[in-house]
1. Considering only the stretch 139-184, state which residues are in a loop (DSSP other than H, G, I, E, B) and on the phi > 0 side of the Ramachandran plot.
2. Pull up the stretch 16-31, narrow it to residues that are among the aliphatic types (A, V, I, L, M) and outside any loop (DSSP other than H, G, I, E, B), then point me to the one that is surrounded by the fewest Cβ atoms within 10 Å (Cβ to Cβ).
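The values are calculated or read from the model by the stated rules, or taken from the named source; none is laboratory data. Note that the structure is predicted; figures quoted are calculated from it, not measured. Virtual Cβ from ideal backbone geometry, glycine too; neighbours counted across all protein chains shown.
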Amino acid sequence: MTTTRSSSKQGGADSSESFSFCVGKLDAGIAVLLSEQSHLIEFPSILLPPGCQPGSFVSISCSRDHQLEKQRLDEFWQLQDNIVHTYGRKTPQPPQLRLRNVTQTSVTLEWDPLDLATAKLLSLTIYRNGQRLSNIPNPQTTTSTKLSGLDLSADYTFQLVLKTTAGAYNSQQLKVKTHSIAETSGIRVCFGIVQPPELLEQTKQALQSIGAKWSDKVQIETTHLVCTSPSPGASSSGSLGHGKTTSSTSDEHNPSVQYQRALQMSLPTVLPSWVLACATEKKMVPIASHYLGSGAPQPSTSSASIARTPATSSLPTVAIHPAPADSPVNTEPVTRAAEPEPAIADATATSPNIDEDAPGVASPEVTQVSEEMEQVDLKDT
């Protein structure tokens, strides 16, 4: 092996050294090079000059490139800085829990959208009094929840626990006390179809007097739906000019959107009279007698009695008076007419001269009873 040292520098490289080798063997992309000191070196054959065969001599020069080394080192540390700025400085933020509304038996909580940074969400759990209550469904988009079934005038502590791939983050503990019966500020009313408009304004004034709030849409904190009718079809006809009218009952039997949402959320649907009663009593009143439909006018007593009165018979009523003591007693049995049977009805139906529905024509049974009454009166006299 012949060694040649060169002191020239090219492209920021140090002085290069040149070595001479003899190609001993070419096998599977590897060239076996032999030096004069009998050193054996495996060298990639693809880097050999074209036309090299076993027995050829080649010279290899080696030098250190400081410029390329510095460039690659700068690229490496730039990558490390990017990783730190992306994953090491911005972390997920704990959720900020707030109170949205509180009533006698429910609490509505809300929080800002989750800031996960570069982590992935695992779960979002609500805790009540330090005990796990349930997981929040769709935590990426859900920012509020309503908890029901609470006790009156009771203290509760709520907390959100956010679990991510970067760790667990807890919100602050929120202390809440439910309302008593005398507190009405937690009422959140959604108005449906309320007629007449004067009643709607009166109901809004009553809500304002007790510190309650109202809206035109059913929201998560809504407690009651107030309406006088579930459907918006207030009128059944409308004028089109020239004296012509047309029916507008297409939406009369279709419940309103807010009414349908109230049914889905199991909200009580009450009449405006319930709000007026709360304003009068200055407290929460039972809603059993104020449900929609419970205030419908009941049928009058006369009409109800007429509907329940059975149809009377067309036969005359026979009144039997006791005979005087000095009058002769008739001991003969009186033969009364038997109840009409289907056979008799069939027989009269075949007679062409008898019209049962014609006025003034007595049936054979009525005639027979009348004759028996006359016989009884004659014997009594």
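1. Narrowing the stretch 139-184 to residues in a loop (DSSP other than H, G, I, E, B): 139-143, 148-154, 165-166, 171-173, 178-184.
Within the stretch 139-184, 149, 153 meet the criteria.
2. Filtering the stretch 16-31 for residues among the aliphatic types (A, V, I, L, M) gives 23, 26, 28, 30-31.
Next, only the ones that are outside any loop (DSSP other than H, G, I, E, B) stay: 23, 26, 30-31.
Values: 23: 19, 26: 15, 30: 12, 31: 22.
Applying the filter and picking the extreme gives 30.
Matching residues to (1) without any contact (Cβ under 8 Å) to a residue 24 or more places away in the chain; (2) surrounded by 17 or more Cβ atoms within 10 Å (Cβ to Cβ); (3) not assigned by the TED database to the domain that holds residue 265:
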position: 135; (1), (2), (3): yes, no, yes
position: 144; (1), (2), (3): no, no, yes
position: 153; (1), (2), (3): no, no, yes
position: 160; (1), (2), (3): no, yes, yes
position: 165; (1), (2), (3): no, no, yes
position: 168; (1), (2), (3): yes, no, yes
position: 190; (1), (2), (3): no, yes, no
